[in-house]
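First up is the structure itself, then whatever we jot down about it.
Only the coordinates and a few stated rules stand behind these numbers; no lab work does. Predicted, not measured: the structure shown is a model, and the values here were computed from it. Ideal geometry is used to build each Cβ from the backbone, glycine not excepted, and the neighbour counts take in all protein chains shown.
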């Protein structure tokens with residue numbers, strides 16, 4: 001029996017599990033079973049949490065397919081919301097996480113019941129232009145590391161298509177492309193104006209998702225660095241809005257968005 005808490009950030013849903021004294025293979029197996037939409041609880045991933053102090057924890061994320069991800073911005077906020085709920089943290093209080101992408105701080109901006117608004121320090125990004133060859137064509141984009149890998153493609157099509165093909169199809173091809181031996185997250189961006197963008201996300205280990213915290217950061221960084229976007233950028237995804245602040249260079253990204261606790265329970269057969 002596995003105890004879990006379910007939470008979501010802009011529809012990107014996660015299970016928080018505190019049983020950490022398990023082998024990696026056992027954690028992987030449990031994650032795949034729990035995340036199954038029809039036969040499990042259903043989620044995009046499992047965040048395994050080990051409390052290391054009153055306001056700190058160590059987390060490791062397994063995607064729905066059992067692969068390990070370095071970090072999830074949305075998943076980290078979901079764990080922060082659970083810790084805040086358990087410890088009755090309020091406005092201005094922070095929790096610190098150790099992740100596979102390095103330390104991350106989450107600060108409570110607002111709390112109302114099980115809903116939290118959280119600002120997360122997301123590290124310093126790394127950026128490079130790159131073209132991915134798909135057959136006889138090259139899709140130009142921006143490689144962005146936010147602790148995990150992203151490939152950002154700018155589009156003008158309101159449906160986010162690329163050269164007559166759907167973003168879901170192109171996203172899958174790029175995700176598994178040989179240029180990315182560890183696979184990559186893929187984001188498609190429409191620039192609305194200097195202060196606002198709209199995105200679609202093909203997430204490594206999951207597929208199309210309603211939102212991504214690190215993907216939101218990656219698209220904002222690419223827009224600010226390549227398209228002259230504002231250092232304070234509103235990012236719209238199907239699951240909702242998040243805000244990114246990044247002043248360029250070696251400065252850290254600040255991501256602000258919601259996280260909501262949905263349920264807690266026990267899963268049998270794990």
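Some notes on this structure:
- When we screen 222, 237 for residues that are crowded, with 20+ Cβ neighbours inside 10 Å and closer than 15 Å to residue 128 by Cα, the only hit is 222.
- Residue match in region 66-87 (condition: within 23 Å of residue 265 (Cβ to Cβ), touching a helix residue (DSSP H, G or I) at 6+ places or on another chain (Cβ under 8 Å) and assigned to a strand (DSSP E or B)): no
- Residue selected from region 131-157 under the condition more than 23 Å from the chain's Cα centre (by Cα) and part of a loop (DSSP other than H, G, I, E, B), by the criterion farthest from residue 99 (Cα to Cα): 136
- Hey, residue 58 under 19 Å from the mean Cα position of the chain (by Cα), farther than 26 Å from residue 241 by Cα and part of a strand (DSSP E or B) or not: yes
- For region 70-109, residues that are loosely packed, with under 14 Cβ neighbours inside 10 Å and touching a residue at least 12 places away in the same chain (Cβ under 8 Å) total 5.
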